[in-house]
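Asks: Dropping the structure in here first, questions after.
The values are calculated or read from the model by the stated rules, or taken from the named source; none is laboratory data. Since this is a predicted model, take the numbers as computed values, not measurements. All Cβ positions, glycine included, derive from the backbone under ideal geometry; neighbour counts span all protein chains shown. Just so you know, the surface numbers come from the protein's heavy atoms only, side chains and all, with ligands and any DNA or RNA stripped out. Shrake-Rupley method; radii C 1.70, N 1.55, O 1.52, S 1.80 Å.
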Amino acid sequence: MNRLHLLGLVTTLLMAPAFADTQPKPPQDKQAFIADLMSRMTLDEKIGQLRLISIGKEMPKPQILKEIAAGRIGGTFNSVTRQENRPLQEAAANNSRLKIPIFFAYDVVHGHRTIFPISLAQASSWDMEAIERGGRISAIESAADGLDMTFAPMVDISRDPRWGRTSEGFGEDPYLVSRIAEVMVKAYQGGATPNQADSIMASVKHFALYGAVEGGRDYNAVDMSPMRMYQDYLPPYKAGLDAGAGGVMVALNSINGTPATSNTWLLQDLLRKEWGFKGVTISDHGAISELMRHGVARDGREAAKLAIKAGVDLSMHDELYASELPGLIESGEVDIREVDNAVREVLGAKWDMGLFADPFLRIGKAQDDSADPGVENLQHRDVARDVARKSMVLLENRRNTLPLEKQGTIALIGPLADSHIDMLGSWSASGAAKQTVTLRQGMQAALGDQARLLYARGANVTNDSHIVEYLNFLNWDDPEVVQDPRTPEAMIAEALKVAQQADVIVAAVGESRGMSHESSSRTSLDLPESQRELLRALKATGKPLVLVLMNGRPLTLKWEQANADAILETWYTGTEGGNAIADVLFGDYNPSGKLPISFPRSVGQIPTYYNHPRIGRPYQVGKPGNYTSQYFEEPNGPLYPFGYGLSYTDFELSPVRLSATKVRRGGKVEASVTVKNTGSRDGATVVQLYLQDVAASMIRPIKELKNFQKVSLKAGEEKVVRFDINEDDLKFYNLQMQYRAEPGEFNVQIGLDSQNVQQETFELE
Ligand code: BGC
């Protein structure tokens, strides 16, 4: 026993001998309970609460059990069944001195056992109810696996698709991402406090601004003006926290010269004081040690000191709190109150997760184990299929190539047509690749014997062996990217043979899932050359060519746009993906998704986000471009704009009607349009409301999304869609960083994407 441990024990015995080996008192008042518990903890036990340990190779199980029983671990992540978690909880809740339960966390990002489409795809649905259902099921399934917390939602705004983690977020727009952040937090937590057996605590990540890493290169530095930060990048985190998220994961990046992990402005002034956050902060994986790499800490001791002083409560996969805090306290460099603050937050989170009331709340009793949580999976397949079909975006559909008839012969070709693992997308929690429905399986099931489905792989995802090696890093036992050993020529020849027999070609192309992941930044957003070669050969057959894209970020699709007859962006669709894509291809579901992020024409034009600041020499389509802000070698602007997506039917919007042309402060104006389904199929679309501040004291964005409604209309049906615009919708941060609306004119733009809009104007008096 070390000196500090002994000191703690002596204090404990002196202060509260009666409680020394009893179960914590049943929950009464949260603060009183925690204060009482903390008064009985040794320093060693307190520091133990701040350790979040990854279950895996790093620490063998017997050692973990010993550490937990000694009160030296606060929570773990990466263990995901009741059977795995029960002994760990028993060690904590039954065998440790103070019987403080541990908690179990995991990256449940877009589903747990049933995998839903990736976050970027879910955002494409603009369907809050569908997203809510997916989030709720993720909570139910992960809680049934004994998990208490998820490291999600990831609400980093991303405007640079070179960043591989674009796939994990909900796109480029502050308003849309904020709405989803709120929905996801509530869905996971199942209410204000996640203390029920089917709820888990949400931890909003990555705080903050991780999506703005320079050049889209993962882990790179972030440098940003306060206005942009407050106006565009911070609102989604705030929305998630206002919705009640119990946790915040601190980002790996630096912000304006200080790493988030040691950033007192970020974690104290903004998060705690300005926003009033009361929950727990969690470092990202190894981020405390990385303070040395950032060059702000000379050694591990200084790194631990900076992080605890900044307000990082839980240290994820990092031994520095354990090794350094005792010495730092002893020397007086860290005040015990700083450690106490962190411990209080961790214990508070455990209280909120319901673990003091019942440490086995989500793990259940041993005899429950026969209820294999995997069975849940089957119950949720219908919802997964529905969310997936709502998440796809129809980018092109020349001559009504889609939907396909269920007749004749269809050639399905491409490296992603029959790949189970790629259906899952990144961060697929406990999703099992073999349970996924591939596109080939989905199309075959939809067709039965009504039509002939021929298949050829046609190409490898890439022929670049360095890229394959990179993508299979850490997975050599079970590589994700398995190359077909045939030559590219032989594969294309086989594909052409298949294509020649068919009436239509469906090509499933894109990125393997690892290409859109953490640490997967790209310099090119083209389809890999192996697949482009395949597409050129397929195009030369003269048969109708339908592209089914599977990817986790916007791609540059100039050739594809010009040459494909139809393009369906499916992202990564999850467990039921193949069935859902087949539903859309054959018209059993009419696509209704809209892009939550702009698609650039070329990498050189990035960033192409729609809500960019106004400038003095804007480029105008159709006018001479000299001395305007543009690239002169190619058309400017996105290839597919934010909010864009086609349907198998047509929608028409009436001009915008405003209830008033002048409005007083505190008042509101109602904007309405009539939307009509003028085609011959039932369908849904998203009516989008944008505002433009005509002139203000600060440069304002060209337009900003302020509201939207997803509307379902039968063929021929019309509906009036109404939006209230109030003073809050007009506010922005001025030079003094005050959030104010300024008098003057505002253009109200309503459209079915961000570019084609109807406009009316009102004035704030
Ligand atoms: C990621 C986090 C994730 C954590 C735990 C880190 O590498 O940046 O998003 O939650 O690992 O898996």
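Asks: I'd like the carbon and sulfur percentage of the solvent accessible area for segment 387-596, probe radius 1.4 Å, heavy atoms only, ligands and nucleic acids excluded.
Replies: 49 percent
Asks: Please report, to two decimal places, log10 I(q)/I(0) for the chain at q = 0.06, 0.08 Å⁻¹ as given by the Debye formula with identical point scatterers on the Cα atoms and no solvent.
Replies: Reported log10 I(q)/I(0), two decimals: -0.39, -0.69.
Asks: If you add up the charges near Ala366, with Lys and Arg at +1 and Asp and Glu at -1, over every other residue whose beta carbon is less than 12 angstrom from its beta carbon, what do you get?
Replies: Residues near Ala366 contribute 0 overall.
Asks: Which value, in debye to the nearest 20, describes the size of the charge dipole of segment 651-764 about its Cα centre when Lys and Arg Cβ atoms bear +1, Asp and Glu Cβ atoms bear -1, and nothing else is charged?
Replies: 160 debye
Asks: Can you list the HN-Hα couplings for segment 426-432, worked out from phi with the Karplus curve (6.51, -1.76, 1.60; θ = phi - 60°), rounded to whole Hz and with x for Gly and Pro?
Replies: 6, 6, 9, 6, 9, x, 9
Asks: Further question: Given the Cα-Cα distance of Ser629 and Ser323 and 0.36 nm per residue of separation, how much length would full extension add, in nm?
Replies: 104.7 nm
Asks: Return a whole-number percent for the relative contact order of segment 284-360, with Cα pairs under 8 Å and 6 or more residues apart as the contact set.
Replies: Relative contact order of segment 284-360: 28 percent.
Asks: Something else about it: Report Rg(Cα)/(2.2 N^0.38 Å) for segment 387-596, keeping two decimals.
Replies: Normalised Rg, Cα atoms only: 0.94.
Asks: On a 0 to 90° scale, report how tilted helix 3-15 is relative to the longest principal axis of the chain, with both axes built from alpha carbons and the result rounded to the nearest 10.
Replies: 70 degrees
Asks: Can you tell me the orientation of helix 336-352 relative to the chain, as the angle in degrees between its alpha-carbon axis and the longest Cα principal axis, to the nearest 10?
Replies: 60 degrees
Asks: Suppose the Debye formula is applied to equal point scatterers at every Cα of segment 310-436; what is log10 I(q)/I(0) at q = 0.09, 0.20, 0.22 Å⁻¹?
Replies: Taken in order of the listed q values, log10 I(q)/I(0) reads -0.62, -1.27, -1.35.
Asks: Give the whole-number value, in cubic angstrom per residue, of the convex hull volume spanned by the C-alpha atoms of segment 651-764.
Replies: 85 Å³
Asks: From the Cα trace of segment 558-712, what convex hull volume per residue do you get, rounded to a whole Å³?
Replies: Once divided by residue count, the hull of segment 558-712 is 186 Å³.
Asks: Report relative contact order for segment 155-276 in percent, whole number only (criteria: Cα-Cα under 8 Å, sequence separation at least 6).
Replies: The normalised contact order for segment 155-276 reaches 30 percent.
Asks: With point charges of +1 on the Cβ of Lys and Arg and -1 on the Cβ of Asp and Glu, referenced to the Cα centre of the chain, which listed residue (Gly247, Ala490, Thr608) lies farthest in the positive direction of the dipole?
Replies: Going by the Cα projections, it comes out as Thr608.
Asks: Next question. In segment 651-764, carbon and sulfur make up what percent of the accessible area (probe 1.4 Å)?
Replies: 43 percent
Asks: What is the dipole size for segment 364-494, taken about its Cα centre, with +1 at each Lys and Arg Cβ and -1 at each Asp and Glu Cβ, in debye to the nearest 20?
Replies: With Lys and Arg at +1 and Asp and Glu at -1, about 700 debye.
Asks: Let me ask something else about it. What angle, in degrees between 0 and 90 and rounded to the nearest 10, separates the Cα long axis of helix 488-500 from the longest principal axis of the Cα atoms of the chain?
Replies: 50 degrees
Asks: If you don't mind, there's one more thing I want to ask. Counting chymotrypsin sites (Phe, Trp or Tyr not before Pro) as exposed when in a DSSP loop with at most 13 other beta carbons within 10 Å, what is the longest stretch of the chain free of them?
Replies: Longest site-free region, per DSSP loop and neighbour criteria: 1-472.
Asks: Treating only the Cβ atoms of Lys and Arg (+1) and Asp and Glu (-1) as charged, compute the dipole magnitude of the chain about its Cα centre; round to the nearest 20 debye.
Replies: Dipole magnitude for the chain comes out near 700 debye.
Asks: Can you give the relative contact order of the chain as a percent, counting alpha carbon pairs under 8 Å and 6+ residues apart?
Replies: Relative contact order comes out at 13 percent.
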